[in-house]
1. Working only with C-alpha atoms, what are the Rg and Dmax values of the range 14-87, expressed in angstrom?
2. Can you sort 75, 251 by how many other beta carbons sit within 10 Å, fewest first?
3. Given a cut-off of 17 Å, what percent of all Cα-Cα pairs of the range 172-261 lie beyond it?
4. If the viscosity is 1.567 mPa s and the temperature 4 °C, what Stokes-Einstein diffusion coefficient in µm²/s follows for the range 69-213 when Rh is the Kirkwood radius over Cα pairs?
5. Find how much the distance from residue 245 to residue 135 grows on full extension, using 0.36 nm per residue of separation minus their present alpha carbon separation; answer in nm with one decimal.
6. Please give the length that would be gained between residue 92 and residue 155 if that part of the chain were fully extended, namely 0.36 nm times their separation in residues minus their C-alpha to C-alpha distance (nm, one decimal).
7. Hey, could you get me the Stokes-Einstein D for the range 191-237, Kirkwood radius over alpha-carbon pairs, 20 °C and 1.002 mPa s, rounded to whole µm² s⁻¹?
8. What do you get when you divide the Cα radius of gyration of the chain by 2.2 N^0.38 Å, with N the number of residues?
Ligand code: ADP
Ligand code: MG
């Protein structure tokens with residue numbers, strides 16, 4: 001048994017000769033925020049790809065609320081409560097902002113042209129509910145008023161928020177954020193940190209955040225796991241990680257090495 005919301009046990013993945021992740025374990029308590037850091041190519045995104053079933057595991061186990069979800073197909077993993085955002089934003093360009101959320105909230109429905117021909121009262125009622133819920137998620141992330149916009153017309157920081165709203169709409173138990181502050185300017189970063197704190201106080205889910213911007217990781221995470229060449233290099237509180245020489249050295253040569261200090 002496990003008391004953790006998410007309990008990742010010894011996961012590994014190789015691509016050809018490259019060991020992208022090797023025997024990596026980490027734990028996420030309920031309602032907590034955990035950070036994963038590491039230099040470029042350390043295996044962070046691969047970790048999320050394994051947690052969400054994009055790739056099958058070579059070894060290891062993933063427990064969500066004690067239930068083994070390893071090996072499930074992607075849609076089953078989403079349904080069981082793991083949501084994510086991507087390092088490179090992925091939004092549906094053919095749909096407007098509100099529809100982007102609606103398709104996430106109700107993945108088995110289509111809200112488009114076909115409905116004109118297939119409208120039933122029941123479907124209409126369901127659509128109204130999903131629409132209201134989706135508006136609520138947009139409001140929570142600060143996108144009220146943007147419902148009719150095309151996602152690609154939004155400023156980059158707003159697209160990041162839309163991705164988060166879409167993940168929220170799947171009603172997750174664990175929210176995985178892959179470099180959500182990448183490309184944001186300093187005031188957007190402050191705003192983003194505030195948003196994550198707000199989500200953490202309003203919702204029950206746990207958050208795992210991969211981030212290069214150290215101010216984000218340090219301020220939000222209660223515990224940090226450091227990956228280097230696919231392996232766990234260190235774990236601890238933000239204060240312990242900042243004071244860890246091995247961690248600092250792992251960042252040597254990285255463009256933004258200074259931001260760890
Ligand atoms: P990070 O997110 O920490 O920068 P990644 O998880 O993206 O690192 O990559 C870890 C390693 O795995 C890198 O060497 C990368 O080239 C390799 N890798 C990741 N995904 C694939 C893939 N689909 N095919 C081949 N190699 C991959
Ligand atoms: Mg990555």
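Here, each number is a calculation from the coordinates, and none is a lab measurement. Computed from a predicted structure; not experimentally measured. Cβ sites come from the backbone with ideal geometry, for glycine too, and all protein chains shown count toward neighbours.
1. For the range 14-87, the Cα radius of gyration and maximum Cα-Cα distance read 12.4, 37 Å.
2. Listing 75, 251 from fewest to most nearby Cβ atoms yields 75, 251.
3. In whole percent, the share of Cα-Cα pairs in the range 172-261 beyond 17 Å is 51.
4. Values: Rh = 15.9 Å.
The diffusion coefficient I find is 81 µm²/s.
5. 35.0 nm
6. Values: separation 63, 0.36 × 63 = 22.68 nm, distance 1.54 nm.
Once the chain is fully extended between residue 92 and residue 155, it gains 21.1 nm.
7. 181
8. This ratio for the chain stands at 1.04.
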